[in-house]
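What follows draws every value from the coordinates through simple rules; no lab data is involved. Everything numeric here is computed off the predicted structure, so don't read it as measured data. Please note: Cβ atoms are built from the backbone with ideal geometry, for glycine as well, and neighbour counts cover all protein chains shown.
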């Protein structure tokens, strides 16, 4: 379990070094919890001798087994488009003048998509 906890701590330190330095106790507690969880999962897996096929763990595919991250992976959100305040003001003025979106978007000095332009009013 110590090796698992140390591996977890090292991974956190590589991913977010400032977290490890600011909150070392929290990282240590998370590493201990991860080690205990891993140990419990190992014991549960060895006692049943069968992994849950519904979760996709140990599922063989043509490139080998899926890592848990790939199976349970989440789609990342699209990065937010940064719009300068001057452009936001221009969007508001044009929309208040009842200009259609296609005209508004053509008038802007930088390319802005419609969804980003809509959220700039708030």
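Quick notes
- Exposure proxy order (Cβ contacts within 10 Å, fewest to most) of 8, 38: 38, 8
- Two-site label geometry, residue 78 and residue 106: point separation in nm, points 7 Å out along Cα→Cβ: 2.2 nm
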